[in-house]
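Worksheet for the structure shown next.
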Amino acid sequence: MTNKIRYFIANWKMYGDLGSLKSIKNVIKFSRLSKSKKFKIIYCPPYTLLSDFVDTLKKSSIETGAQNIHENYDFGAHTGFINSKMLKNLGVKYVIIGHSENRTLGEDHKQINKKILSAIKSKLNVIFCIGETSFQRKNKKTNIILKKQIMNGLKGIGKKCKIIVAYEPVWSIGTGVVPNNLELEKNIKFIKSIISKKFNNYKILYGGSVSPNNIKRLNMIDLLDGYLIGGASQSSKKLIDIIKKTFN
Ligand code: PGA
């Protein structure tokens, strides 16, 4: 494994309540004791917990991200939504955009692009999710889909912007099925070949059923800068285990 910083981004989805804050105390302690190790933990809890997370994590090196934003940068009459400025104001540093669970609900390339532009304008770090469905994979459309998602999602974004791309095959999310290293490496290489032409500063993560059981195998892929972790990240024990197994 190379010496670069590894990202562990915890996507809590629609899980967690005030009681869950207790469990992250263990992760704070762990990250303090592992100062010499090169990693970054980012928690993306639901909106209702963002403020508490920012507050609880304030004195640690762990940062907070949100799971989505409204596409409009300006304030407006959008009942139930939140814009990038509101997150920035709260002390949030990151935002996940383009997650397949939102694409499935109808979020299109244009909206995703607007969301990314808005996030950048608010100086939030973007975690941009891409990935093919199992149908697209079966029909050998993976490269076409990934390229389309990247080119449309990142349209008009300056070369100097920092971007985190999370490759999440839709068929891998929450299923326990993870692509084999050969396939994963091939897709990551393809993503890198496009992203590296567009940006100077980028990270490429993998997401989809990452767990303490498969992390050693995933870590063999040197091109990866880290992971976007859903289910397993809600357990502080599993998250710590994943990080420990990355460095031992
Ligand atoms: P999972 O979710 O780890 O539960 O598969 C990952 C994600 O959706 O970001």
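Checked against the criteria, Thr142 does not count as open to solvent by 70 Å² or more (accessible area, probe 1.4 Å) and under 25 Å from Ile229 (Cβ atoms). Which residues, counting only those in segment 182-195, are open to solvent by less than 30 Å² (accessible area, probe 1.4 Å) and either over 20 Å from Lys115 (Cβ atoms) or touching a His at 6+ places or on another chain (Cβ under 8 Å) (or both)? Correct list: Leu184, Asn187, Ile188. Within the option set Ser36, Ser51, Ser61, being under 18 Å from the mean Cα position of the chain (by Cα) and surrounded by fewer than 16 Cβ atoms within 10 Å (Cβ to Cβ) holds for one residue only, Ser61. Residues that are open to solvent by 30 Å² or more (accessible area, probe 1.4 Å) and small (Gly, Ala, Ser) within segment 210-248 comprise Gly231, Ser235, listed in sequence order. When we screen Tyr47, Tyr73, Tyr43 for residues that are in contact (Cβ under 8 Å) with a residue 12 or more places away in the chain and within 16 Å of the ligand (Cβ to nearest atom), the only hit is Tyr43. Set side by side, the residues Ile173, Ile157, Ile150, Ile164 differ, and just one is over 17 Å from Leu117 (Cβ atoms) and at pLDDT 95 or above, which is Ile173.
Checked against (1) within 16 Å of the ligand (Cβ to nearest atom); (2) exposed (fewer than 14 other Cβ atoms within 10 Å of the Cβ); (3) without any contact (Cβ under 8 Å) to a residue 40 or more places away in the chain; (4) under 23 Å from Arg6 (Cα atoms), Gly174 meets all criteria but (3).
The values are calculated or read from the model by the stated rules, or taken from the named source; none is laboratory data. The structure displayed is predicted, hence computed values, not measured ones. Reconstructed Cβ throughout: ideal geometry from the backbone, glycine too, with neighbour counts over all protein chains shown. When the accessible area is computed, the model is the full protein with side chains, heavy atoms only, and any ligands, DNA or RNA have been set aside. Shrake-Rupley method; radii C 1.70, N 1.55, O 1.52, S 1.80 Å.
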